[in-house]
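Colleague: Before I ask anything, here is the structure I am working with.
The numbers here are math on the coordinates, done by the rules we state, and not lab data. Worth saying up front: this structure is predicted, and the values here are computed from it rather than measured. Glycine also receives a Cβ, built like all others from the backbone with ideal geometry; neighbour counts cover every protein chain displayed.
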Ligand SMILES: Cc1cc2nc3c(=O)[nH]c(=O)nc-3n(C[C@H](O)[C@H](O)[C@H](O)COP(=O)(O)OP(=O)(O)OC[C@H]3O[C@@H](n4cnc5c(N)ncnc54)[C@H](O)[C@@H]3O)c2cc1C
């Protein structure tokens, strides 16, 4: 296989497409096999009757990572996407009627914070600057680099680093050092849920999430998050990548310490010098590879939470909904315990709403909207099965009740059609293990860095992984970073052969 510059990529998610571009630019001949009829995976798109929904990802977070990875792909955000800064990143609606606009406008957020907790402005400044410092250090030392051996990761310097990155402190306890007001404690920690984490148990390192939002801001993309996928696909085609849709991969064949080929569901066998799996890593170990011992070990890791998503085509616009809105449950702690301790959902869950037409009128016909609601819920658990049909009805009723309370009394009458993704749907449609959509393998400190499932198989030396379930983790920016790291590793190992 020496000198063989052919590669197969399994899956056309963001991670798979970005890796295809990087490898093609390094002289590889790439074929991408995708099970579904279109690219994007969890950053995909649904279009129906003039309504356009982002299937999963809706928020453009951490622009500095996009800039970095786009540069390596020969792209820039400003030239290759239609972006504009989003002044209010999201509105947070509390159950007592209070509202906080989470915004990069310093004067605006500071005056709001003073109303919630007099004297909190200097605390907020300190929290954000410390959190952003952790983001920068975390990126440089842990997230934006490969670890090729255990000793590179587990040395005294890194032990000090983990201490500095507050991996030993729980985020909710840490935020309590800055704010006393419960609204503010929630506002600066709920972002853990983006990574499928419980703010009460996640490490304080993840204060980097709100800090990065408030420092770097967020953007609106004309065409939604799917416009990123469209740009990546067109770039990939320009550099010679071939995409094969409706082509589920059924098996990866192996020979001694090498992956030999893929077998498609239609029986065809395709060989290549390297194989990069973008499909969910635990699924690949379990369903596509022969080694059941390794797969059982990965199945035994801790998994992130799942989500119920409702996509509603509305024949009315509700301007009171901002582009992104977060609705906090009255019993916040209990609602999180239901997700993370019981793999279930409370009767009144927290949820998030994306209402795009205010910023991007192309998302729906005139005077209509295409809203997406995401309700975080527990992941699928064989030992603790839930009545998901029932939970779906509870989630729907609770969301409607809350939106009515917020002045959208007639919303139910204006739903033209609904598309719903349940934990099981994420598994059947995209092969996400346990429906754990936020990275499948969760982001606790024992499952990050060198401890996260590696981006190369330990035994099959030409089988690589890219995406949310390998290093560095979940979310479109980190998945893009993952494509850069996996490519770097492939190129380094190819040079050493
Ligand atoms: C509800 C929700 C909300 C989110 N919100 C945000 C957000 O606001 N911002 C953000 O940055 N991120 C968000 N994310 C996370 C983000 O969407 C993901 O991290 C990212 O899209 C994952 O990309 P990926 O390349 O790792 O994998 P995937 O998108 O899962 O792609 C893997 C691809 O592999 C394909 N595949 C699977 N099995 C096979 C097979 N056997 N053969 C061939 N192909 C196969 C799948 O069909 C899929 O297309 C959200 C995710 C969800 C679900």
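Colleague: State, as an integer percentage, the relative contact order of region 312-409 based on alpha-carbon contacts under 8 Å between residues 6 or more apart.
Modeller: On the way: 134 pairs, mean separation 30.4, N = 98.
Reported as a whole number, the value is 31 percent.
Colleague: Could you work out the percent of alpha carbon pairs in region 81-199 separated by over 17 Å, rounded to a whole number?
Modeller: 65 percent
Colleague: While we're on this one: Return the distance in nm (one decimal) between the two label points of a simple spin-label model at residue 429 and residue 108, each offset 7 Å from Cα along Cα→Cβ.
Modeller: Placing both labels 7 Å beyond Cα along the Cβ direction yields 3.2 nm.
Colleague: Here's a follow-up. What order, most packed first, do the peptides 219-226, 363-370, 305-312, 72-79 have when packing is the mean number of other Cβ atoms within 10 Å of each residue?
Modeller: Numbers: 219-226: 20.8, 363-370: 19.2, 305-312: 25.1, 72-79: 14.8.
Peptide ranking by packing, descending: 305-312, 219-226, 363-370, 72-79.
Colleague: Same structure again: Subtract the Cα-Cα distance of residue 164 and residue 115 from 0.36 nm times their separation in residues, and report this length gain in nm to one decimal.
Modeller: Answer, rounded to one decimal: 14.5 nm.
Colleague: Further question: Normalised by the empirical 2.2 N^0.38 Å for globular proteins, what value does the Cα Rg of region 338-450 take?
Modeller: Dividing the Cα radius of gyration by 2.2 N^0.38 Å gives 1.24.
Colleague: Mind jotting down the three principal axis lengths of region 9-101 based on Cα atoms? Whole angstrom, largest first.
Modeller: The Cα atoms of region 9-101 stretch 57, 31, 23 Å along their principal axes.
Colleague: Treating the Cα atoms of the chain as identical point scatterers in vacuum, please give the log10 of the normalised Debye intensity I(q)/I(0) at q = 0.05, 0.11, 0.12 Å⁻¹, two decimals.
Modeller: Values returned for q = 0.05, 0.11, 0.12 Å⁻¹ are -0.18, -0.91, -1.10.
Colleague: Sorting check: for 201-212, 335-346, which peptide has the highest mean count of neighbouring beta carbons within 10 Å, and how do the rest follow?
Modeller: 201-212, 335-346
Colleague: I would also like to ask the following. Multiplying the sequence separation of residue 302 and residue 244 by 0.36 nm and subtracting their Cα-Cα distance, what value in nm do you get?
Modeller: Values: separation 58, 0.36 × 58 = 20.88 nm, distance 3.30 nm.
The residue 302-residue 244 span can extend by a further 17.6 nm.
Colleague: Sort largest first and round to whole Å: the equivalent ellipsoid semi-axes of region 335-375, each the square root of five times a Cα gyration tensor eigenvalue.
Modeller: The answer is 32, 8, 7 Å, longest axis first.
Colleague: Can you give me the relative contact order of region 353-497 as a percent, contacts being Cα pairs under 8 Å and 6 or more apart? Write out the running numbers ahead of the final one.
Modeller: Working: 128 pairs, mean separation 18.0, N = 145.
Result for region 353-497 is 12 percent.
Colleague: Here is a follow-up. If packing is taken as the average count of other Cβ atoms within 10 Å, what order do 268-276, 189-197 fall into, highest mean first?
Modeller: In decreasing order of mean packing, 268-276, 189-197 become 189-197, 268-276.
Colleague: Next question. How much of the DSSP bridge set in the chain is antiparallel, in percent, rounded to the nearest 5?
Modeller: Taking every DSSP beta bridge with both residues in the chain, the antiparallel ones total about 70 percent.
Colleague: While we're here: Would you work out the relative contact order for the chain, in percent, from Cα pairs under 8 angstrom that are 6 or more residues apart?
Modeller: For the chain, the relative contact order is 23 percent.
Colleague: Still on this structure, please answer the following. From the Cα gyration tensor of region 225-272, with a ≥ b ≥ c the square roots of its eigenvalues, which class applies: rounded if a/c is under 1.5, or else prolate if a/b is larger than b/c, or else oblate? Can you show the working numbers first?
Modeller: Numbers: a/c = 2.76, a/b = 2.08, b/c = 1.32.
Verdict is prolate for region 225-272.
Colleague: For residue 347 and residue 458, calculate 0.36 nm times their separation in residues minus their Cα-Cα distance, and state this gained length in nm to one decimal. Before the final figure, lay out the partial values.
Modeller: Numbers: separation 111, 0.36 × 111 = 39.96 nm, distance 4.36 nm.
That pair, residue 347 and residue 458, stretches by 35.6 nm at full extension.
Colleague: Follow-up question, since we're still on this one. Stokes-Einstein at 25 °C, 0.890 mPa s, Kirkwood radius from Cα pairs: D for region 1-160 in µm² s⁻¹?
Modeller: Numbers: Rh = 20.2 Å.
Value of D from the Cα-based Kirkwood radius: 121 µm²/s.
Colleague: Show that you can apply the helix-only estimate: for the chain, add -39,500 (n - 2.57) for every DSSP H stretch of four or more residues, divide by all residues, and state [θ] at 222 nm to the nearest 500.
Modeller: That calculation yields -10000 deg cm²/dmol at 222 nm.
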